[in-house]
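Student: I have a structure here, written as structure tokens, and I will follow up with some questions on it.
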Amino acid sequence: MLQSEYIKSLHANYERILLDKHPDEKRYQYCILNRGGINGLIPCNLRYINGLSYLYYDITSKQNITQRYDKNSIGRSWVKDFVRCIREVREELDRFLLDIRNILWYPQQIFQDPEENRFSFFYVPYYDGESTFTYLMDYLVEHIDYEDSTLVDCIFSMYEMYEKSGDAYLCDRIYEDVKVLEMDETHGEMAQAEKVDSIIEETLQQQEKKVERKGFLHRLERKRKKTLRDRQNYEQKIQIAMSGYAVAEDTTYESVEYGKTIYIDDSDRQKNIIRRIYSTDGKILFQLGEESCVIGKKAGETDLLLEDYSVSRIHAKITKDGDEYFLEDLNSTNGTYKNGLQMQPYEKRKLEEGDEIRLGKVQLIYR
């Protein structure tokens, strides 16, 4: 997987990707990408820093789909719009003699306009790494609306076909498979007798598919857990390395006597504390719980609505991890600040009681 990180400059936010070797910037794909203006692709340019080569992608005011669908499930209209955008960007790439296999399909690097159902992608010239579309299919399997059986069957079929055909599937068959989502599920023109036969046949097919899907989803779950273990590998090694330090010696109390003081773990008291977000004049704006709190000015997609011109539509998020809360910038235009220090795009920082949070020009207090 390519190494990437978020960078904030004075007027723009970037995600930069480290290239594993020095590129020939005079080659066609670098020249055409640097020129820009290709619909469906995130604008980018090549930069050299301390002897290393980076591709800088301008993601200012853009939201990737992992952030937008942290809470919400993905429905059939989303899938139809997404496949339509794949067709459009493929046609655009063909027009400029570029290769669709060089697009990164990692969900965190696919961006959706908050106001329009349009998507934009990262293009890496002469990319020769692993195929990444499987990562997107894994994400869809985990986030689609399982109340929509037609959608579930469609995604299931798409996943199976991609496993068999690879990237060639993106050039033709995917557009035919998604047409099933356009069908009228009621089949109103079907005669009554045909309906009965169809229902019986459909029931038998669904039973067979349930067995197939169970094994399919089981494989995905194993793959998902392996990916999660790989991502946490570094943290686990650190924990193992530190396991020999600061080990508390067990204390045995033979009896409890009146007057003896017994240590009470402060974490028990912390669990019962309710944290809230306040305005600077002391007004309670939001009470935090187990669910994440998305902050911004776009109604319908935020939990804490801030109607201020300096606040992005989807600006920041507060999430709970254990008994602690963390503030995360969501690639905001005017920045997220914790106690006066600006955060990088998608950076997370632990919140402490009394912390001042500034989103654009709006000041908040965490208590």
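Student: Would you confirm whether or not region 101-118 contains a residue that is of a type in the set (A, V, I, L, M, F, W, C) and open to solvent by 10 Å² or more (accessible area, probe 1.4 Å)?
Tutor: No.
Student: Among the residues of region 10-37, what is the count of those that are open to solvent by 50 Å² or more (accessible area, probe 1.4 Å) and assigned to a loop (DSSP other than H, G, I, E, B)? Working first, answer last.
Tutor: Of region 10-37, the ones open to solvent by 50 Å² or more (accessible area, probe 1.4 Å) are 10-11, 20-22, 24-28, 31, 34-35, 37.
So of that shortlist, the ones also assigned to a loop (DSSP other than H, G, I, E, B) come out as 10-11, 20-22, 24-27, 37.
Qualifying residue count, region 10-37: 10.
Student: What number of residues in region 162-172 are more than 23 Å from the chain's Cα centre (by Cα) and crowded, with 16+ Cβ neighbours inside 10 Å?
Tutor: 1
Student: Answer yes or no as to whether ILE65 is open to solvent by less than 60 Å² (accessible area, probe 1.4 Å), at pLDDT 95 or above and within 14 Å of the chain's Cα centre (by Cα).
Tutor: Working: open to solvent by less than 60 Å² (accessible area, probe 1.4 Å): yes; at pLDDT 95 or above: no; within 14 Å of the chain's Cα centre (by Cα): yes.
No, not satisfied.
Student: Next up: Out of everything in region 48-61 that is buried (at least 19 other Cβ atoms within 10 Å of the Cβ) and not hydroxyl-bearing (Ser, Thr, Tyr), what residue ends up being nearest to LEU10 (Cα to Cα)?
Tutor: Among residues in region 48-61 that are buried (at least 19 other Cβ atoms within 10 Å of the Cβ) and not hydroxyl-bearing (Ser, Thr, Tyr), the one nearest to LEU10 (Cα to Cα) is ILE59.
Student: In the set ILE100, ILE59, which member is in contact (Cβ under 8 Å) with a residue 60 or more places away in the chain, of a type in the set (Val, Ile, Thr) and touching an Asp or Glu at 6+ places or on another chain (Cβ under 6 Å)? Steps first, answer last, please.
Tutor: Values: ILE100 fails: touching an Asp or Glu at 6+ places or on another chain (Cβ under 6 Å).
The match here is ILE59.
Student: Give me the residue from region 155-178 that is within 13 Å of ILE100 (Cβ to Cβ) and of a type in the set (Asp, Glu) and, out of that set, modelled with the lowest pLDDT.
Tutor: That would be ASP172.
Student: Based on what the data block shows, is TYR337 closer than 16 Å to ASN13 by Cα, modelled with pLDDT of 95 or more and in a strand (DSSP E or B)?
Tutor: Here the answer is yes, as TYR337 does meet what is asked.
Student: Now for a separate question. Return yes when ILE314 is in a loop (DSSP other than H, G, I, E, B), on the phi < 0 side of the Ramachandran plot, open to solvent by less than 60 Å² (accessible area, probe 1.4 Å) and among the aliphatic types (A, V, I, L, M) and no when it is not. Quick ask: steps written out before the conclusion?
Tutor: Numbers: in a loop (DSSP other than H, G, I, E, B): yes; on the phi < 0 side of the Ramachandran plot: yes; open to solvent by less than 60 Å² (accessible area, probe 1.4 Å): yes; among the aliphatic types (A, V, I, L, M): yes.
Here the answer is yes, as ILE314 does meet what is asked.
Student: Identify the single condition in (1) open to solvent by 10 Å² or more (accessible area, probe 1.4 Å); (2) closer than 30 Å to HIS315 by Cβ; (3) of a type outside the set (A, V, I, L, M) that ARG87 does not satisfy, given that it satisfies every other one.
Tutor: Evaluating ARG87 over (1) open to solvent by 10 Å² or more (accessible area, probe 1.4 Å); (2) closer than 30 Å to HIS315 by Cβ; (3) of a type outside the set (A, V, I, L, M) leaves (2) as the failure.
Student: Right, another one. Taking region 326-339, which residues are open to solvent by less than 60 Å² (accessible area, probe 1.4 Å) and under 11 Å from ILE357 (Cβ atoms)?
Tutor: LEU327, ASP329, THR336, TYR337, LYS338 - these are the residues of region 326-339 that are open to solvent by less than 60 Å² (accessible area, probe 1.4 Å) and under 11 Å from ILE357 (Cβ atoms).
Student: Just a yes or no: is a residue in region 69-86 part of a helix (DSSP H, G or I) and either at positive phi or touching a Leu at 6+ places or on another chain (Cβ under 6 Å) (or both)?
Tutor: yes
The values are calculated or read from the model by the stated rules, or taken from the named source; none is laboratory data. Every value quoted in this text rests on a predicted model; they were computed, and no experiment measured them. Every residue, glycine among them, receives a Cβ derived from its backbone with ideal geometry; neighbour counts consider all protein chains shown. Please note that ligands, DNA and RNA were not included when accessible areas were found on the heavy atoms of the full protein model with its side chains. Shrake-Rupley method; radii C 1.70, N 1.55, O 1.52, S 1.80 Å.
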